[in-house]
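Notes follow once the structure below has been shown.
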Amino acid sequence: MNVPTERIASPRTIGGIGIALGILAFWLTLPPWTLRSLVVPLVVGIAACLFGVAALIQGERRIGSFGVAAGVLGIAAGAWAQSVDSETLKNVLTAGLLASTLRFATPLAFAAIGGIFSERSGVVNIGLEGMMLFGAFFAVWGSIWSGSWVVGLLMAMIFGGVLALVHAFFSIHLRADQIVSGFAVNLLALGLTGYLFSAIYKDGISTGDVSRVPQVELHFLAHIPLVGTFLRDVFGDLNLLVWLMFLVVILAYIVLFKTTIGLRIRSVGEHPRAADTVGISVYAIRYAAVIVSGVLAALGGAFLSIGFTGTFEKNMTAGRGFIALAAVIFGKWRPGWASAATLLFGFGFALAGPLQREADISANLISTVPYVLTLIAVAGVIGRSIPPAAVGRPYVKQ
C-alpha cells in the first residue's frame, strides 16, 4: 500500500536555510557575540552545506549551490575571524559602519531608481555612469559659481537631464542601438567633464570654495531608551541627500505602482503597441522616463561631489553607474529591492576602509570588494530576473 508523502519544506526553502546558516556561521564570530571557537563556524557551516546538498538533490540547483557556497565561505570567514583580535573586530563593526553604508549607497540608489524608470519604459540606460559624472561636475561648478548648494543641485539635475535627452533622442527617435548609445554617452561625459575641469580649474578645486549640501543633525535620537545611542550614531548626522534618497525610493514605488502615470510607464515597457492603441504616447512616456533617469542619476553624482567629498576629480564616479545597473537587475526592476541591493554594495564600499585600517589588508584587495559583490549578485539572480518585455527594443509607430 502506497502512503502519500508530503515534503516538509520545498527545495528552495531548504536551500535558503543553507544560505542563512552559512551567513550565521560567520556572524556568530562577529560582535556582539564574537565566539572565539572554530568549532562553532565549522559545525554551522557544515550544516549549511548539508542543507545546500539536500536542495541540490531535490533539483534546486541555483539556491542549493548558493547554500553550499555559503557554508564553505562561512567556515572560511569564521576561521579568518578567529585570527583577528576581538577588539579589532569591534573597531570594524560599529554603528559608524552602518552610517557609512548609507552614505556609500546613496549615489547608487539615486542612479538605480533612475535606471528603473528608464528600463520600465523600455529604454536601456547604460549611460547612468556618464549622467552621474555630469551631475558631479556641474554640481560643483554651479555651487562655486553661485555660492549656493541649491543652485549646484539644480545645475546637476539640468545637465543630467540634458545628457539623458541626448541618449533618448538617439535611442527613441533615431532608433539607434541603446547599448551603443549609452556607452557613447559615458565616453562623452568622461571626456567633456575632464576637459572642462582642466580648462576651468587649472589649479584644482579647494573644498572651501564649494557650497556643500548640509548635514541633518538629529541628536534627539540619543534620548530614545535602550537604542538611542545606536540610532544617533547611525542616523544622527547624515547628509540631506541621504534623506532625500529615502524619499525618492518611496515616491518611485508610489509613482510606478500606485498611479496612472506609473501604469503607463510600465505598459510602454511591456507592450508599447497595445499602449499606443489605447492612446498612450509611447515616445512621450519614454522620453520623460529617460530624462527622469538622467536627473536622478545626476543627483547621485552631485552627492559624491558637493554632498560627500566637497570637490570634483576626473572620473570620480569610478564605475558606480554600472554598479547601479547591477542593483536594478538584482532588485528585479523594483525600487525597494533595488535600494536594498545598493545597501549591499554600499556596505562593500564602507567595509573597505575599516578592514584596511584595522586588519591590515591590502588596499588593492579591499577595493575589489564592492565589485566582487556586484558580480556575485548579478550571477546569482540574472537567470531569474525577468526584465520588461520590450526593454531595448525601439518602437516604430504605425
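The values are calculated or read from the model by the stated rules, or taken from the named source; none is laboratory data. None of the values given here were measured: they were computed from a predicted structure. Please note: Cβ atoms are built from the backbone with ideal geometry, for glycine as well, and neighbour counts cover all protein chains shown. With ligands, DNA and RNA removed, areas are computed over all heavy atoms of the protein, side chains included. Shrake-Rupley method; radii C 1.70, N 1.55, O 1.52, S 1.80 Å.
Residue-by-condition table, conditions (1) at pLDDT 85 or above; (2) under 30 Å from Ala222 (Cα atoms):
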position: Ile23; (1), (2): yes, no
position: Leu30; (1), (2): no, yes
position: Leu42; (1), (2): yes, no
position: Gly45; (1), (2): yes, no
position: Gly64; (1), (2): yes, no
position: Val68; (1), (2): yes, no
position: Gly74; (1), (2): yes, no
position: Gly96; (1), (2): no, yes
position: Thr101; (1), (2): yes, yes
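Among (1) of a type in the set (A, V, I, L, M); (2) modelled with pLDDT under 90; (3) crowded, with 20+ Cβ neighbours inside 10 Å; (4) within 10 Å of the chain's Cα centre (by Cα), which single condition is Ala338 missing?
Only one criterion in (1) of a type in the set (A, V, I, L, M); (2) modelled with pLDDT under 90; (3) crowded, with 20+ Cβ neighbours inside 10 Å; (4) within 10 Å of the chain's Cα centre (by Cα) is unmet by Ala338, namely (2).
Can you tell me which of (1) open to solvent by 10 Å² or more (accessible area, probe 1.4 Å); (2) small (Gly, Ala, Ser); (3) assigned to a helix (DSSP H, G or I); (4) touching a residue at least 40 places away in the same chain (Cβ under 8 Å) is the one Ala47 doesn't meet?
Unmet condition: (4).
Just one of the numbered conditions (1) touching a strand residue (DSSP E or B) at 6+ places or on another chain (Cβ under 9 Å); (2) buried (at least 20 other Cβ atoms within 10 Å of the Cβ); (3) more than 20 Å from Ala340 (Cβ to Cβ) is not true of Ile285; which one?
Just one mismatch for Ile285, condition (1).
If you take the residues in the range 126-160 that are part of a helix (DSSP H, G or I) and β-branched (Val, Ile, Thr), which one is surrounded by the most Cβ atoms within 10 Å (Cβ to Cβ)?
Here the residue is Val140.
Restricting the range 369-398 to residues that are under 20 Å from Thr101 (Cβ atoms) and open to solvent by 60 Å² or more (accessible area, probe 1.4 Å), which is modelled with the lowest pLDDT?
Taking the candidates together, the pick is Ile376.
Going through the range 283-335 one residue at a time, which ones are within 17 Å of Gly182 (Cβ to Cβ) and under 11 Å from the mean Cα position of the chain (by Cα)?
Listed by number, the residues that qualify are Gly300, Arg320, Gly321, Phe322, Ile323, Ala324, Leu325, Ala326, Ala327, Val328, Ile329.
If you check Ala298, Ala274, which single one turns out to be buried (at least 21 other Cβ atoms within 10 Å of the Cβ) and not aromatic (Phe, Trp, Tyr)?
Values: Ala274 fails: buried (at least 21 other Cβ atoms within 10 Å of the Cβ).
Matching residue, one of Ala298, Ala274: Ala298.
Cβ-Cβ below 6 Å, separation at least six or inter-chain, first residue in the range 342-353 and in a helix (DSSP H, G or I), second at pLDDT below 85 and crowded, with 22+ Cβ neighbours inside 10 Å: which pairs?
Note: pairs meeting the criteria are Phe345/Pro370; Gly348/Pro370; Phe349/Pro370.
Filter the helices (runs of 4 or more DSSP H) completely within the range 185-270 down to those with at least 2 residues that are open to solvent by 80 Å² or more (accessible area, probe 1.4 Å) and not hydrophobic (A, V, I, L, M, F, W, C). Step through it out loud before you land on a result.
Values: elements: 228-235, 240-258, 260-270.
Passing ranges, in order: 240-258, 260-270.
Confirm whether Ala176 is assigned to a helix (DSSP H, G or I), farther than 11 Å from Lys314 by Cβ and either modelled with pLDDT under 95 or open to solvent by 90 Å² or more (accessible area, probe 1.4 Å) (or both). Step through it out loud before you land on a result.
Working: assigned to a helix (DSSP H, G or I): no; farther than 11 Å from Lys314 by Cβ: yes; either modelled with pLDDT under 95 or open to solvent by 90 Å² or more (accessible area, probe 1.4 Å) (or both): yes.
Spelling it out, it is not the case that Ala176 is assigned to a helix (DSSP H, G or I), farther than 11 Å from Lys314 by Cβ and either modelled with pLDDT under 95 or open to solvent by 90 Å² or more (accessible area, probe 1.4 Å) (or both).
If you check Leu163 against the conditions, is it over 16 Å from Phe303 (Cβ atoms), open to solvent by less than 10 Å² (accessible area, probe 1.4 Å) and at pLDDT 95 or above?
yes
Could you identify the single residue in Gly194, Gly228 that is closer than 20 Å to Ala298 by Cα, modelled with pLDDT under 95 and not aliphatic (A, V, I, L, M)?
Gly194
Condition check: open to solvent by less than 70 Å² (accessible area, probe 1.4 Å), on the phi < 0 side of the Ramachandran plot, of a type in the set (Phe, Trp, Tyr) and part of a helix (DSSP H, G or I). Does Phe170 satisfy that?
No, not satisfied.
Go through the residues of the range 304-326 one by one and say whether even a single one is assigned to a helix (DSSP H, G or I), modelled with pLDDT under 95, more than 30 Å from Tyr201 (Cβ to Cβ) and open to solvent by less than 40 Å² (accessible area, probe 1.4 Å).
yes
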